[in-house]
Amino acid sequence: MKKTLVSVFTTFFIACVGYCQSAIYYRVSFPNAIHHEAEITANFSGLSSQPLIVRMSRSSPGRYATHEFGKNIYNLKATDANGNYIPVNRLESDVWEIPKHGTTVNILYTLFGNLVDGTYAGIDETHAHLNIPASFLWAKGLESAPISITFDIPDGSNWKVATQLKAATEPNTFSAPNLQYFMDSPTELSNFTLKEWTVTNTDKKPITVRLALHHDGTDENVTTYAPMVQKVVQEAGGVFGEWPSYDYGTYTFIQDVFPDNDGDGMEHRNSTFITDAASFKGNPKDFLGTVSHEFFHCWNVERIRPKSLEPFNFEHSNMSSELWFAEGFTSYYGELILRRAGFYDNDQYVQSLSGQLSYVLNSPGTYRFSPVEMSQQAPFVDASSYVDPVNFANTYTSYYPYGCVVGLALDLSLRTKFKNLTLDDFMKAVWQAQGKPEKPYTVPDLQTILGQVTKDTTFANTFFRKYVTGHEVADYQTLLGKMGFLLRKARPNEAFFGRNLKGEQGQIIVRTGTQINTPLYNAGIDQGDIILSVENTTVTDTKNLDDLIKKHKPGDVVPVQYSHKGTVKTTLVTLSENPQLEVVTYEKVGMKTTKEILTLRDNWLKSKALP
């Protein structure tokens, strides 16, 4: 039998007497889940006489831009310990004040959530997918107070709870030591399929790994998938030589796979929140990419922590200069781990490198801003919203692939310049110096550690000056060649018209700003322009346009008619060579490999899994 709300509050308050002055308790129910609503009560006890200020967050762990979570709560009221309503003043769009109150205040409100991704909340009759900052308001000044939460499972449902929060003795009740931990603890309530296994850390302590999967497939699909996730866990552990000491001895994959989801992945201290916009009835291997990336974060970001993100601020965007390492190096290892685990062969692995290198090396932003400077752009791009046009086509390169190829350059440089040194060794050193003791790092810290690992401060200083704080790019053709891979033009001698074109309602629209030094840019064609004809032939979709361009060679000049803000104009467009790059194995193109090349390649790509 469920306890009444008052009795649970009383139990929790008594438990806190003697070790905390203030305590926070949340209770969540879902009487209108079919319409995406939850009813939430937040109890704040042990309060002083000062006005109580409560607010919704504007940012979320793993995100760097602002998100106005306050827009999705309403019907907010406050009561005292006896259930009497007390006045509430709304100070800002997401901040409320209770000016006069006793030692206990209850805040009651309705949460609306209809987006299943890593950042927001998604509620319906099948599940409740709750990112904590998007769901729970909190009290200013009580950030260190212990937190307890109870979820009321809807009558007739078979929901269970998946979370990294510590389970209490009360059914469906959990706790967190403070606000930072609570906000970092996403929670899924559903009839998910649960798979568990144990790994033993180097200190001989067992770790329980849990896979909680809400999906549209069958249990057989999950039975096939779980050992794949286990291989990813083992390979990631092999990079560092150990797993972290997870709080409460568990790590939880919370994964939601349905076609109407938004694809996303969000790292957390002892869990990850993954959503896939697909059906789980397909190939389970297709869902491993996000798993590999997010699990690597339990070292790199969660414990190897940028000083700029510590502590995380929930009231505004969080800027960091280290995302090229925190996210970019994680992207590098996310793909490498899948190769080492045997989910990719060499051709498939270099195909993933092809996309990263082609994007970064052909992006004008790469040559305008260093990886450090590009990391600082995250508040403007990380799922941020804006209505005005931007010039990102010429100023922005995502720090994910940008940092990924910097990681590739460092790994191959270490393997070919220094005997028995690899990026794994560097990551282990960063883990021992900054991550395991949880000492937040700066960019100079990483540079110092690289000098210590290589015993060559000149190399470390030069690499950071050129490729981390500077705007140069490494010689990837030479580096990859030492591994028996060829970086080359993917479509040599193929004519190229431009990027960012979208077929829409029988028209071809320049979707975003045209990229500098491309045919469209040089011809003065800009964002929002509509391509009407090429060589007096009307074009209505991108395939139609591609067929026309394929008849030409780089350097050909073609007349183009286009509409600019309602005015029809004609210009000449000089076609260039398609800049797309690709990486292929020497074997694929008939180039010779040597024993040295094959040894270097094998040492790079072979399994490093911990048992």
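What follows draws every value from the coordinates through simple rules; no lab data is involved. Everything numeric here is computed off the predicted structure, so don't read it as measured data. For neighbour counting, all protein chains shown are included, and Cβ atoms are generated from backbone atoms with ideal geometry for every residue, glycine included.
How long, wide and thick is the range 193-303, going by the Cα atoms along their three principal axes, in whole angstroms, largest first?
41, 26, 23
For the chain, calculate the relative contact order in percent as a whole number, restricting contacts to Cα pairs under 8 Å that are 6 or more residues apart.
On the way: 1286 pairs, mean separation 66.1, N = 611.
That works out to 11 percent.
Once the range 350-422 is represented by equal point scatterers at the alpha-carbon sites, with solvent omitted, what log10 I(q)/I(0) does the Debye formula produce at q = 0.25 Å⁻¹?
-1.14
Over what distance in Å are the Cα centres of the range 355-411 and the range 414-437 separated?
25
Please report, in debye to the nearest 20, how large the charge dipole of the chain is about its Cα centre when each Lys and Arg carries +1 at its beta carbon and each Asp and Glu carries -1 there.
Working: 55 positive and 65 negative charges, 306 e Å.
For this selection, approximately 1480 debye.
Hey, what's the Cα Rg ratio for the range 5-189 versus the globular rule of thumb, 2.2 N^0.38 Å?
For the range 5-189, the normalised Cα radius of gyration is 0.96.
Describe numerically, in nm with one decimal, the distance between label points set 7 Å from Cα along Cα→Cβ at LYS205 and at TYR85.
5.0
Treat every Asp and Glu Cβ in the range 455-498 as -1 and every Lys and Arg Cβ as +1, leave all other atoms uncharged, and give the resulting dipole magnitude about the Cα centre to the nearest 20 debye.
80
Which value in Å is the Kirkwood Rh of the range 495-577 over different Cα pairs?
Numbers: mean 1/r = 0.0811 Å⁻¹.
The answer is 12.3 Å.
With the dipole of the chain worked out from charges on the C-beta (+1 for Lys and Arg, -1 for Asp and Glu) around the Cα centre, which of VAL105, PRO306, ALA81 lies farthest toward the positive end?
Of the candidates, PRO306 comes out farthest on the positive side.
Roughly how many nanometres apart are two label points built 7 Å out from the Cα toward the Cβ at ASP556 and LYS281?
Distance between label points: 4.5 nm.
With each pseudo-label sitting 7 Å past Cα toward Cβ, what's the THR198-LYS166 distance in nm, one decimal?
2.2
Within a Cβ distance under 13 Å of LEU421, other residues only, what is the Lys/Arg minus Asp/Glu net charge?
+1
In the chain, with Lys and Arg counted as +1 and Asp and Glu as -1 at Cβ, which of these residues, ILE132, ASN114, THR571, has the Cα nearest the positive end of the dipole, that is, farthest along it?
The listed residue farthest towards the positive side: THR571.
How far, in nm, would the chain grow between THR218 and GLU596 when pulled straight, counting 0.36 nm per residue and subtracting the alpha carbon separation?
On the way: separation 378, 0.36 × 378 = 136.08 nm, distance 4.66 nm.
Going from the current span to full extension adds 131.4 nm.
Cross-link list LYS100/LYS140; LYS417/LYS595; LYS489/LYS588; LYS77/LYS100; LYS166/LYS608: which exceed 22 angstrom alpha carbon to alpha carbon?
Pairs exceeding the cut-off: LYS166/LYS608.
Going by how many other beta carbons lie within 10 Å of each one, how would you line up ARG58, ARG210, fewest first?
Exposure proxy ranking, most exposed first: ARG210, ARG58.
Which order do LYS436, LYS569, LYS71 fall in if you start with the one that has the fewest other Cβ atoms within 10 Å?
Exposure proxy ranking, most exposed first: LYS71, LYS569, LYS436.
Using 1/(1 + (r/R0)^6) with R0 = 51 angstrom and r between the beta carbons of ARG488 and GLU143, what's the FRET efficiency to the nearest 0.05?
Efficiency at R0 = 51 Å is approximately 0.40.
Can you list the lysines whose alpha carbon is less than 20 Å from that of LYS439, not counting same-chain residues fewer than 8 positions off?
Within the straight-line limit of under 20 Å, LYS439 reaches these lysines: LYS307, LYS428.
Which residue, ASN158, ALA176, VAL209, has the largest displacement toward the positive end of the dipole of the range 122-211 when charges sit on each Cβ (Lys, Arg +1; Asp, Glu -1)?
VAL209
From a point 7 Å beyond the Cα of SER563 in the direction of its Cβ, which residues of the range 532-549 have a backbone N at a distance under 15 Å?
Counting backbone N atoms under 15 Å from the label point, the list is 532-534, 538-541.
Report the calculated FRET efficiency for THR250 and GLN432 (r = Cβ-Cβ distance, R0 = 22 Å), to the nearest 0.05. Display every interim value, and only then the final one.
Values: r = 24 Å, r/R0 = 1.07.
Efficiency computed from Cβ-Cβ geometry: 0.40.
May I ask you to evaluate 6.51 cos²θ - 1.76 cosθ + 1.60, the Karplus curve with θ = phi - 60°, for each residue of the range 345-353 and list the ³J(HN,Hα) values in order in whole Hz, giving x for glycine and proline?
Residue by residue, the range 345-353 yields 8, 4, 5, 5, 5, 5, 5, 5, 5 Hz.
Short version: ³J(HN,Hα) in whole Hz for each residue of the range 460-470, in order, from phi by Karplus 6.51 cos²θ - 1.76 cosθ + 1.60 (θ = phi - 60°), x for Gly and Pro, what are they?
After applying 6.51 cos²θ - 1.76 cosθ + 1.60, I find 4, 5, 5, 4, 5, 5, 7, 10, 10, 9, x Hz.
Using θ = phi - 60° and the Karplus form 6.51 cos²θ - 1.76 cosθ + 1.60, what ³J(HN,Hα) does each residue of the range 500-517 get, whole Hz, x for Gly and Pro?
Those phi angles translate into 6, 9, 10, x, 8, 6, x, 10, 10, 10, 6, 5, 10, x, 6, 7, 4, 6 Hz.
Give me the dipole magnitude in Debye, nearest 20, for the range 192-298 about the Cα centre, with unit charges on the beta carbon: positive for Lys and Arg, negative for Asp and Glu.
My answer is approximately 440 debye.
Lys and Arg at +1, Asp and Glu at -1: add these up for the other residues within a Cβ distance under 14 Å of ASN493 and post the number.
Charge balance in the 14 Å sphere: +3.
Long-range amide H contacts for GLN515: which residues qualify at under 5 Å (H placed 1.01 Å from N, peptide plane, sequence gap of 5 or more or a different chain)?
The list, which skips near neighbours in sequence, is ARG499, TYR521.
Suppose the chain between LYS77 and SER157 were pulled fully straight at 0.36 nm per residue; how much longer would it get relative to their current alpha carbon spacing? Could the numbers behind the result be given before it?
Details: separation 80, 0.36 × 80 = 28.80 nm, distance 2.85 nm.
My answer for the length gained is 26.0 nm.
How long is the gain from THR538 to LYS419 if the chain were fully straight, where each residue apart is worth 0.36 nm and the alpha carbon distance is subtracted? Please report the intermediate quantities before stating the final value.
Working: separation 119, 0.36 × 119 = 42.84 nm, distance 6.03 nm.
Once the chain is fully extended between THR538 and LYS419, it gains 36.8 nm.
Please list the radius of gyration and Dmax for the chain, considering alpha-carbon atoms only, with Å as the unit.
Rg, Dmax (Cα atoms, Å): 26.9, 84.
Where Lys and Arg each count +1 and Asp and Glu each count -1, what net charge lies around GLU438 among other residues with Cβ under 11 Å from its Cβ?
+3
Cut-off is 10 Å between beta-carbons; in what order do LYS608, LYS160, LYS204, LYS455 appear when sorted fewest neighbours first? The partial results should precede the final answer.
On the way: LYS608 20, LYS160 17, LYS204 6, LYS455 10.
Lowest count first: LYS204, LYS455, LYS160, LYS608.
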